[in-house]
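The values are calculated or read from the model by the stated rules, or taken from the named source; none is laboratory data. Owing to the predicted nature of the structure, the values given are computational and were not obtained by experimental measurement. A quick note on method: Cβ atoms are made from the backbone with ideal geometry, for glycine too, and the neighbour counts reach across all protein chains shown. With ligands, DNA and RNA removed, areas are computed over all heavy atoms of the protein, side chains included. Shrake-Rupley method; radii C 1.70, N 1.55, O 1.52, S 1.80 Å.
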Amino acid sequence: MPKMKTHRAAAKRFTQTGTGRLKRMKANKSHILEKKSPKRKRNLRKSALVDKTKEKNYKQAMPYL
């Protein structure tokens, strides 16, 4: 049986926490920042956890995580 390949796009976007959940960064922080409030931009800096309904699919994409 050959080795399974990691989905590189997923590997760049997600990291695993100590408890096994997947951590991600929030979207909408790359451009058109002038109209967004400082509070909104500050909250976009923080990381978030992947929703449990999608976590299984993302973990299958990264078998060696």
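Considering only residues of the stretch 36-65 that are of a type in the set (Lys, Arg) and within 12 Å of the chain's Cα centre (by Cα), which is farthest from Pro2 (Cα to Cα)? Selected residue: Lys46. Which numbered condition in (1) open to solvent by 90 Å² or more (accessible area, probe 1.4 Å); (2) without any contact (Cβ under 8 Å) to a residue 60 or more places away in the chain is the only one that Tyr64 fails? The number of the failed condition is (2).
In this structure, is Met1 within 14 Å of the chain's Cα centre (by Cα) and either open to solvent by less than 100 Å² (accessible area, probe 1.4 Å) or modelled with pLDDT under 95 (or both)? The answer is no for Met1. Cβ-Cβ distances below 7 Å connect the following pairs, each with a first residue in the stretch 22-40 that is in a strand (DSSP E or B), a second residue that is open to solvent by 80 Å² or more (accessible area, probe 1.4 Å) and of a type in the set (Lys, Arg), and a separation of six or more residues or different chains: Arg24/Arg13. Among the conditions (1) more than 13 Å from the chain's Cα centre (by Cα); (2) under 28 Å from Pro63 (Cβ atoms); (3) at pLDDT 95 or above, the only one that Gln16 does not satisfy is (1). Each residue in the stretch 4-26 was checked for being open to solvent by 70 Å² or more (accessible area, probe 1.4 Å) and out of contact with any Ser or Thr (no Cβ under 9 Å at 6 or more places or on another chain), and 9 of them qualify. If I filter the stretch 42-62 for residues that are among the hydroxyl-bearing types (Ser, Thr, Tyr) and either modelled with pLDDT under 95 or in a loop (DSSP other than H, G, I, E, B) (or both), do I get at least one hit? For the stretch 42-62, residues among the hydroxyl-bearing types (Ser, Thr, Tyr) and either modelled with pLDDT under 95 or in a loop (DSSP other than H, G, I, E, B) (or both): absent. From the list Lys29, Lys46, the one residue that fits, being in contact with a Lys or Arg (Cβ under 9 Å, 6 or more places away or on another chain) and open to solvent by 100 Å² or more (accessible area, probe 1.4 Å), is Lys46.
For the stretch 32-43, a residue qualifies if it is open to solvent by 70 Å² or more (accessible area, probe 1.4 Å) and not aliphatic (A, V, I, L, M), and the qualifying residues are Glu34, Lys35, Pro38, Lys39, Arg40, Arg42.
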